[in-house]
Amino acid sequence: MRKTAAALTLLALLNGGAMAESVSLNGHSVSLEANQTPIHTAKNSQAIAQLPAGYRFAHPGQFTVAVAALNSPPLTVFSEDNKTLMGSEVDIARLVADSLGLQLNVVPTSWEDWPLGVASGKYDAAISNITVTKDRKARFDFATYRKDSLGFYVKASGSLHAITKAEDIAGLRIIVGSGTNQEAILLAWDQQNQAKGLKPFVPVYTKDDAAQTLALQAGRADAWFGPNVTGAWKAALTGKTRLVGSVDGGWPKAAHIAVTLKKAGGLAQPISTALNGVMAKGDYDKVLSRWGENVERIDRSEINPAGLGD
């Protein structure tokens, strides 16, 4: 077993599956070994010219980005040294940094830490599968780079076969991240259900991926609700879970994942320009394809578009 796969070893053992360095995801073979090699892009003179005069980055000459320190491939996964993050989120951050003529500085952080870190200037941006929402737009600026698709995954041998609407979650115990847009969707559905006299759902909160896996396989939770590409990776890797429903991240509308920035800080336009540049050149497609995220591709980066709650 190579070190590249070490970050996923515990997950595989808990699921009783064999360890693998690659999976087939959305028609693409995704190799952790191969994907350690960075994808770079050229400087974007237009994006650089849009940077505010005298702009002070968190660290001079660097694009400092908060990325969730989670083993959640294909979004994030630890590399051979078990310290360095890789994954599609890091790859997108690198394309932006290269476009702006900066060195990438990835800071592994928790979901709870990025809002204060971005607002205070500790980080120049957060790239951590963050969905555009109405409430977040009041505090941050956004430059979109991917569609947000959420999936319900259950134990493969279980009796649940469909979770596609509010009524389907009544009485279920569902693993969900606190403070996420998927939690907001479940709470909205639950409110509708209780108004109809249906049983409330029970949120199961845990920060640890191994604990989530154990809860689902041991029957202490009925389903997991989160980023569809992450759920698809686990299902393909182990065969122990399966998809029973998907929802747009901006339910009932579509919403996009975005680079998250300090409000009115001046980075939204140059970063959106940088993203549109790599989209036009094909480097963006290289990143999504090698991580099996091509189904969440967008044609153009937008600044502060409509999101969850709009």
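Observations
- Under the convention that each Lys and Arg Cβ holds +1 and each Asp and Glu Cβ holds -1, the size of the dipole of segment 62-124 around its Cα centre is about 80 debye.
- For Asp248, net neighbour charge (Lys/Arg +1, Asp/Glu -1) across residues whose Cβ lies under 14 Å away: +1
- Backbone N within segment 137-177 under 18 Å of label point (7 Å from Gln194 Cα along the Cβ vector): 166-176
- Degrees between helix 88-99 axis and first principal axis of the chain (Cα, 0 to 90, nearest 10): 10
- The Cα atoms of segment 28-126 define a convex hull whose projected area, averaged across directions, is 7.0 nm².
- Cα→Cβ-extended label distance, 7 Å offset, between Lys122 and Tyr55, nm: 2.2
- Fluctuation leader among Ala255, Ala268, Ala162 - the chain, Gaussian network, Cα springs under 10 angstrom: Ala162
- Cβ-derived FRET efficiency at R0 35 Å, Lys165 paired with Gln269, nearest 0.05: 0.35
- Solvent-accessible area per residue for the chain (1.4 angstrom probe, square angstrom): 42
- Inter-part distance where segment 253-296 and segment 72-146 are each reduced to a Cα centre, Å: 11
- Binned Cα-Cα distance frequencies in the chain - 10 Å width, integer %: 6, 28, 35, 22, 8, 1
- If the segment from Ala306 to Ser157 were pulled out straight at 0.36 nm per residue, it would be longer than the present Cα-Cα gap by 49.8 nm.
- Using alpha-carbon coordinates, inclination of helix 268-281 to the longest axis of the chain, degrees: 80
- For Lys234, the lysines whose Cα comes closer than 29 Å to its Cα, not counting residues fewer than 8 places off in the same chain, are Lys3, Lys83, Lys147, Lys155, Lys165, Lys207, Lys253, Lys286.
- His59, His28, His161, ranked by accessible area, largest first (probe 1.4 Å): His161, His59, His28
- For the chain, the longest principal axis of the Cα atoms and the long axis of helix 181-195 meet at an angle of about 40 degrees.
The values are calculated or read from the model by the stated rules, or taken from the named source; none is laboratory data. Given the structure is predicted, the values throughout are model-derived calculations rather than measurements. All Cβ positions, even for glycine, are placed from backbone atoms using ideal geometry, and neighbour counts span all protein chains on display. Calculation scope for accessible area: heavy atoms of the full protein, side chains included, ligands and nucleic acids excluded. Shrake-Rupley method; radii C 1.70, N 1.55, O 1.52, S 1.80 Å.
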